[in-house]
Amino acid sequence: MGEMSSFQLGVIGALFLSVASSVSIVICNKALMSNLGFPFATTLTSWHLMVTFCTLHAAQRFNLFENKSIDVKTVMLFGILNGVSIGFLNLSLGFNSIGFYQMTKLAIIPFTVLLETVFLKKQFSQKIKLSLFLLLVGVGIASITDLQLNFVGTILSLLAIATTCVGQILTNTIQKRLNVSSTQLLYQSAPFQAAILFVSGPLVDQFLTKQNVFAYKYSPIVLAFIILSCIISVSVNFSTFLVIGKTSPVTYQVLGHLKTCLVLAFGYTLLHDPFTDRNILGILIAIFGMGLYSYFCTQENKKKQADPLECQMKDKEDKPFLAHEKEGHEFKSSDKNSIV
């Protein structure tokens, strides 16, 4: 009971950290890009990841966490995949209307459910699906204003959805199958994510904005907001891996839509963004859907705890998908620390 209580507190802490840091960085970046005219989102993300890696490297040198070796091929492909997904999301935003981009983000949840059902044999009850449907409808009502389709934008959106879903599923899978913590995985993968975005970011940003990040005139206030954004990003990146590892990719996406609702509310109260009855209705429906999702997940977890033998049997059936294991949950030496 003590371990379960500690785990639940850890989950709550991770969720709170993720929401607080994500809302903070959205407000910071909105001020940086909209008010101060710094439009280089992909390049900024590469700086975020570099600062995150440097921070974790310093923490590791001070023995704040133990580094664990992960197969280079696994972590390299994982890092590159996550970096590519960020690039596709930014390109999708550049080629599509805001409304279609929001539809792209909404599509991540059902696509993740589909992938986990087909490939990981994970079961989602009808109640969970209903709560997710209400959540998506609410966020859609609150945030989608226009839908303009084009061929290139649609292809980029599909690629963004696929890479984001697979990346988030692997974030959860690698932590559980290779028995690594969120900090260890982020520390190992951040350099690869940063590298691919550091190379491609300026090109993507120049293509989308017609401006060169290296020719931009950096004022002291712009530099201050960039530094603040990079500092907050350490918490954002850490909490992302932590939440996905402790819960699931679907729960992380649900949390992401809670952040969307909070950002809309903060935008209205702090930045005086336009707010309509439709926004209010959508947020209320979304919050109701989130409440149902949280309640149904809690109920199902209680049932699983009541019948642990069945859960263990399910876990054993599911595990061979990405790794071969010996009896007693020990990896074979040839597969240790690798899922590729």
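Quick notes
- Each Cα pair under 8 Å and six or more residues apart adds its separation to the average, and for the range 18-173 the resulting relative contact order is 33 percent.
- Candidate residues 71, 277: accessible-area rank, largest first, probe 1.4 Å: 277, 71
- Structure-derived volume of the Cα convex hull per residue in Å³ - corresponding label in (1) 150; (2) 173; (3) 135: (1)
- Cα→Cβ-extended label distance, 7 Å offset, between residue 127 and residue 73, nm: 4.4 nm
- Residue 172 sits among other residues whose Cβ lies under 10 Å from its own Cβ, and their net charge, with Lys and Arg +1 and Asp and Glu -1, is +2.
- Under DSSP loop assignment and at most 16 Cβ neighbours within 10 Å, longest chymotrypsin sites (Phe, Trp or Tyr not before Pro)-free interval of the chain: 125-213
- Its relative contact order, with pairs defined as Cα atoms under 8 Å and 6+ residues apart, puts the range 1-307 at 37 percent.
- In Hz, Karplus ³J(HN,Hα) per residue of the range 90-101 (6.51, -1.76, 1.60; θ = phi - 60°; x = Gly, Pro): 5, 5, 4, 5, x, 9, 10, 6, 4, x, 5, 5
- Surrounding net charge for residue 97, when Lys and Arg each add one and Asp and Glu each subtract one, Cβ distance under 15 Å: 0
- By accessible area with a 1.4 Å probe, ligands and nucleic acids excluded, highest first: order of 177, 61, 278: 61, 278, 177
- FRET efficiency, residue 216 to residue 117 (Cβ-Cβ, R0 56 Å, nearest 0.05): 0.80
- MRE, 222 nm, helices only [DSSP H, n ≥ 4, -39500 (n - 2.57), over the chain, to nearest 500]: -27000 deg cm²/dmol
- Over 28 Å between alpha carbons, listed pairs 30/121; 121/303; 217/259: 30/121; 217/259
- Whole-Hz couplings from phi, Karplus 6.51/-1.76/1.60, listed for the range 104-118; x for Gly and Pro: 4, 5, 5, 5, 5, 5, x, 5, 5, 4, 4, 5, 5, 5, 6
- Using 0.36 nm per residue and subtracting the Cα-Cα separation, the extra length available between residue 20 and residue 54 on full extension is 10.0 nm.
- Neighbour net charge for residue 188 - beta-carbon separation under 13 angstrom, K R +1, D E -1: 0
- Computed from label points 7 Å out along Cα-Cβ, the spacing between residue 299 and residue 277 is 3.3 nm.
The values are calculated or read from the model by the stated rules, or taken from the named source; none is laboratory data. Everything numeric here is computed off the predicted structure, so don't read it as measured data. Please note: Cβ atoms are built from the backbone with ideal geometry, for glycine as well, and neighbour counts cover all protein chains shown. These accessible areas exclude ligands, DNA and RNA; they are computed on the full protein's heavy atoms, side chains included. Shrake-Rupley method; radii C 1.70, N 1.55, O 1.52, S 1.80 Å.
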